[in-house]
């Protein structure tokens, strides 16, 4: 039995290898709903749900390639301070939106600020990290 192409609902708890929880649908009270195999979820999560039966629970360990990918240093960019609007209003850790080559929004995090430049990191916060998911298929 495959859930490929089906709209499914699943509860999950996501943790890092050190046990730190980074997300949980249980905390929100509602399962996540997505179409299995449609690319709406990270690849490893989609693969885990593909063969599950309703009511089944499983735990999966995903390496970065199956999740948010490896960290890429080319996604860490320094912008000259005079090219940054309102740099005095920024702080390290702030989330900002950049514009990609085709005008698409790219989320990034302010990584550093000094007198000459603002450095932003467009890597996903979980890039380069192995992830663990406890998954419960609620509906398929």
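A few remarks follow.
- Residues located in segment 90-105, provided they are surrounded by fewer than 12 Cβ atoms within 10 Å (Cβ to Cβ) and either touching a strand residue (DSSP E or B) at 6+ places or on another chain (Cβ under 6 Å) or modelled with pLDDT of 95 or more (or both): 91, 92, 93, 95, 97, 100, 105
- All positions within segment 13-43 that are within 14 Å of the chain's Cα centre (by Cα), surrounded by 14 or more Cβ atoms within 10 Å (Cβ to Cβ) and assigned to a loop (DSSP other than H, G, I, E, B): 41, 42
- Which numbered condition residue 3 misses (of (1) in contact with a strand residue (DSSP E or B) (Cβ under 7 Å, 6 or more places away or on another chain); (2) under 15 Å from residue 138 (Cα atoms); (3) part of a loop (DSSP other than H, G, I, E, B)): (1)
- Test for residue 57: is it more than 23 Å from residue 125 (Cα to Cα) and either in contact with a helix residue (DSSP H, G or I) (Cβ under 8 Å, 6 or more places away or on another chain) or surrounded by 14 or more Cβ atoms within 10 Å (Cβ to Cβ) (or both): no
- Annotation note: of 108, 10, 48, the sole residue that is outside any strand (DSSP E or B), in contact with a strand residue (DSSP E or B) (Cβ under 9 Å, 6 or more places away or on another chain) and surrounded by 14 or more Cβ atoms within 10 Å (Cβ to Cβ) is 48.
- Segment 44-91: number of residues that are without any contact (Cβ under 8 Å) to a residue 24 or more places away in the chain, closer than 20 Å to residue 11 by Cα and more than 20 Å from the chain's Cα centre (by Cα): 0
- Under the condition of being over 13 Å from residue 7 (Cβ atoms) and assigned to a loop (DSSP other than H, G, I, E, B), the residues counted in segment 51-61 number 5.
The values are calculated or read from the model by the stated rules, or taken from the named source; none is laboratory data. Model, not experiment: these values are computed from the prediction. Every residue, glycine as well, gets a Cβ built from its backbone with ideal geometry; the counts of neighbours run over all protein chains shown.
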